[in-house]
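The values are calculated or read from the model by the stated rules, or taken from the named source; none is laboratory data. The structure displayed is predicted, hence computed values, not measured ones. As a convention, Cβ positions derive from the backbone with ideal geometry for all residues, glycine included, and neighbour counts pool all protein chains shown. What goes into the accessible areas is simple: the full protein's heavy atoms, side chains included, and nothing from ligands, DNA or RNA. Shrake-Rupley method; radii C 1.70, N 1.55, O 1.52, S 1.80 Å.
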Amino acid sequence: MDVTIVGCSGSFAGPESPASSYLVRAEHEGRTWAILLDLGSGALGALQRHVRPDQVDAVLISHLHVDHFIDLCGLYVMMKYVPGGPMREVMPAWGPAGTGDHLARAYGNVDAEDVLGVFELHELSDGITFRIGPFTITSVRVRHPVEAYGFRVEADGRTLVYTGDTDACDALTPLMAGADLVLADSAFVEGRDVVAGIHLTGRRAAEAAVRAGGVRRLMLTHIPAWNDPDECRAQAQEVWPGEVELARPDATYRV
Ligand SMILES: [Zn+2]
Ligand SMILES: [Zn+2]
């Protein structure tokens, strides 16, 4: 299983990266399967450097903040109007309750059915597990001002964890436990961002990974353009015993 960082800028697209989107691929039954974890602001553009977007097998949306879902609007256009027609009729998509209504309103289409007709929508809830080709995915409710999920993606005997947006919470332990690679929200800076219940800091991401146990690699992501990534990494490094990695746009990592 590989993960490609389509976008890792926190909260809004930055000068060097779109907002959140991660392309996860694995071989299965003679072809490459691909799922997307989030499709935030600007990500649909960068995604085209790596894959034809309408050929992705499914899109998973962690929560309905624009830096995680808004480029579904562009994907709708591509799915519906690509010359020659899409390779398939509908795009399977998972998201929190209300994803369909939210998407139709965001696109501004008076006919919600028109927008929703290209997506086969499935509702996430805490602790559900579902399969997409080689991937076994578990969604875990995390701590954020809106309904938000982290994803545990298992394939080829390996485990990738994406926390989505979250502050420290007990759910991070079952989410992260034993993961080969954790992509952890690190939008906040310890000592500067004191409001609780929104984001992890590098330090809190590392503490959660240590507490969960068995995590092999910790990679910080969702760092906004106004932060110094090295400061976030240094804060995590005070806690994490191994090398703290920073997600790099367009990089592909073997999980
Ligand atoms: Zn976010
Ligand atoms: Zn958010």
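Roughly what would the spin-label model give for Ala177 and His28, points 7 Å off Cα along C-beta, in nm?
Computed distance between label sites Ala177 and His28 equals 2.4 nm.
Taking the simple approach of a point 7 Å from Cα along Cα-to-Cβ for both Val66 and Glu123, what is their distance in nm?
2.7
In degrees between 0 and 90, to the nearest 10, how far off the longest principal axis of the chain does helix 202-212 point, with axes built from Cα atoms?
Relative to the chain, helix 202-212 is tipped by roughly 90 degrees.
Just for the Cα atoms in the chain, what are the lengths along the principal axes, largest first, rounded to whole Å?
53, 39, 32
For the range 99-255, give me the percentage of DSSP beta bridges that are antiparallel, rounded to the nearest 5 percent.
55
Provide the packing ranking of 160-171, 90-101, i.e. peptides ordered by the mean count of other C-beta atoms within 10 Å per residue, highest first. Mind showing how you got there, number by number?
Details: 160-171: 23.7, 90-101: 18.8.
Answer by packing, highest mean first, reads 160-171, 90-101.
Just to check I understand the Karplus step: with θ = phi - 60° and J = 6.51 cos²θ - 1.76 cosθ + 1.60, what whole-Hz values come out for the range 171-185, glycine and proline as x?
Each residue of the range 171-185 in turn: 5, 5, 5, x, 5, 8, 3, x, 5, 6, 8, 10, 9, 10, 3 Hz.
Dipole size in debye (nearest 20) for the range 133-180 around its Cα centre, Lys and Arg Cβ +1, Asp and Glu Cβ -1? Provide the component values of the computation, followed by the final result.
Numbers: 4 positive and 7 negative charges, 12 e Å.
So the dipole magnitude of the range 133-180 works out to roughly 60 debye.
For the pair Thr136/Asp230, report the inter-label distance in nm, with labels modelled 7 Å from Cα in the Cβ direction.
Output for this residue pair reads 4.3 nm.
Across the chain, where is the longest run that never hits trypsin sites (Lys or Arg not before Pro) in a DSSP loop with at most 12 other C-beta atoms within 10 Å?
Details: sites that count: Arg49, Arg192.
Segment 50-191 is the longest.
Return one whole number: the accessible area per residue of the chain in Å², for a 1.4 Å probe. If you can, show how the numbers build up before the last one.
Values: 10100 Å² over 255 residues.
Value for the chain: 40 Å² per residue.
For the range 193-255, what is the charge dipole size about the Cα centre, in debye to the nearest 20, if Lys and Arg each add +1 at the Cβ and Asp and Glu each add -1 at the Cβ? Don't skip to the answer; put the middle values down first.
On the way: 8 positive and 9 negative charges, 73 e Å.
Approximately 340 debye in magnitude.
Under a 1.4 angstrom probe, counting protein chains only, how are Met78, Met176 ranked by accessible area, largest first?
Working: Met78 50, Met176 0 Å².
Descending accessible area places them as Met78, Met176.
What does the C-alpha gyration tensor say about the overall shape of the range 207-255? Classify as rounded when a/c is under 1.5, otherwise prolate if a/b is larger than b/c, or oblate.
Working: a/c = 2.25, a/b = 1.22, b/c = 1.83.
The shape class here is oblate.
Quick one: dipole size for the chain, taken about the Cα centre, charges +1 on Lys/Arg Cβ and -1 on Asp/Glu Cβ, in debye to the nearest 20.
Details: 21 positive and 35 negative charges, 88 e Å.
Dipole about the Cα centre, nearest 20: 420 debye.
So how tilted is helix 72-81 from the main axis of the chain? Cα-based, degrees 0 to 90, rounded to 10.
Taking Cα atoms only, the helix is inclined about 30 degrees.
What is the extension gain from Ala196 to Asp111, computed as 0.36 nm multiplied by their sequence separation minus the C-alpha to C-alpha distance, in nm to one decimal? Each step should come with its number before you reach the end.
Numbers: separation 85, 0.36 × 85 = 30.60 nm, distance 3.86 nm.
So the chain would gain 26.7 nm between Ala196 and Asp111.
Please report the carbon-and-sulfur percent of the accessible area for the chain; probe 1.4 Å, protein heavy atoms only, DNA, RNA and ligands left out.
Numbers: 5100 of 10100 Å².
Result for the chain: 51 percent of the exposed heavy-atom area is carbon or sulfur.
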